[in-house]
Structures are given as structure tokens and as C-alpha cells.
Amino acid sequence: MPEKLTEEQLQALAVRFGLETAVLQSLAETASETDAFLPDGRASLFFEGHLFYRNLEKAGISPDTCRAGNENILFREPTIRYDEGGAGEYARLDKARAIHPEAALMSASYGMFQIPGERYADCGFDSVEAFVSAQNESVCRQLETLCTLLKTQGAIPLLCVHDWPAFSRRYTGTSLAPDDLAWKMGQAYYRHTVRSGNRPGYR
């Protein structure tokens, strides 16, 4: 099983991205959507059939010609109807890879932050295969990937000034502030600084 995130890894990533360690801790806690890894050691994964539909089109393949027998992995609109959860999502991914390997990998979300494979370039990777490999390495690599994505999005400066609502809007891509995420970020930061007796900074 890949190791848990250590204090040393947190501090190193905080320095690398110009963040307080408390901010990075708060981000890791509040932005995570699931466990980082399955019990068998593979990165958590959620296959998204509507993304597969779109990515097949981008690859020059008509999705409708592939739908027969693949209704659980290929559809136009988002739905939870075919969700398997856990290792079952890898079965769906494998089924999609038989149709188009790259489009399949780009159509799943990986790790504790559920970052879509199609965002691999924004996360600093040259290929979706390299992105997926990194998500299977460790919790630290998953957090590093998230931070790189946030840097690409221009969200790091918002974390530096503790503008939680603006960060939440940038992170989720919505025009209205996701109040729940902003509130959780603020509460987590308070817990890691003021309430714990630590002063803001790189500790």
C-alpha cells in the first residue's frame, strides 16, 4: 500500500509552491473527494462515460457506432446509473480501453482529488499515461499533481492570501462561490494555525 503523506513531504511541497504548510494541509483535507487508494493499492478511480463519449469524438471515432454492448461506459450526459465503485470502476476502464486506450484513460478521474485524466497537460505531464502512473505512486504525488493544476489555473496566489471564496470559484470553475468548500478551507486553516497554537508560516 502506498505510504501516507508525511510532515516532511507537506513542508517540501509547501516550499515548492510558495504556500504555508497549514494551507496545504487544509487543501489536502478539504479538496479530497475519496480515499487516495483502493485496498488493493491502485489509485482510486471513477470512470465517466460522458467524457469517454466526448473523447472518442475528439479522437475521430463516432461513439454511436460503439454503443452496442457498451452502454455502461458510453453515454452523452453525466449519470450515476452505471457506477460500480471501487475495483468495479477499473473493470469499466478496461472495457473502454479495448475501444480506445488513450481516450479511456482521459475519461477517468483519479486519486483522492479525482482529477480527470484529460487534464494531464495542465498537471504538468507529457501524456495521460504518465499522469496515471504518477497517481498510482503515492499520496504525495497526488497532492503534487493537484498543486500543479492549481498553479496552471492561477489559484495558488488566492491560497496565499487566504481568499477562500475566490479560490473555491477558481478551483471548481463556477461563477458562484461554492460556500461549503470555502467554509471548510477557512475552518481547516483555523484548526491548523490559531486553534493549534501554530503561527502562520511554513511550519
Name the one entry in ALA96, ALA36, ALA43, ALA104 that is within 18 Å of the chain's Cα centre (by Cα), surrounded by 17 or more Cβ atoms within 10 Å (Cβ to Cβ) and more than 24 Å from LYS184 (Cβ to Cβ). ALA104
If you go through segment 1-33 one residue at a time, how many are over 26 Å from VAL194 (Cα atoms) and open to solvent by less than 80 Å² (accessible area, probe 1.4 Å)? 1
Going by the structure shown, is ASP64 at pLDDT below 95 and over 24 Å from THR172 (Cα atoms)? yes
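The values are calculated or read from the model by the stated rules, or taken from the named source; none is laboratory data. Only a predicted model underlies this, so the values are computations on that prediction, with no experimental measurement involved. Please note: Cβ atoms are built from the backbone with ideal geometry, for glycine as well, and neighbour counts cover all protein chains shown. For accessibility, only protein heavy atoms count, side chains too; no ligands or nucleic acids. Shrake-Rupley method; radii C 1.70, N 1.55, O 1.52, S 1.80 Å.
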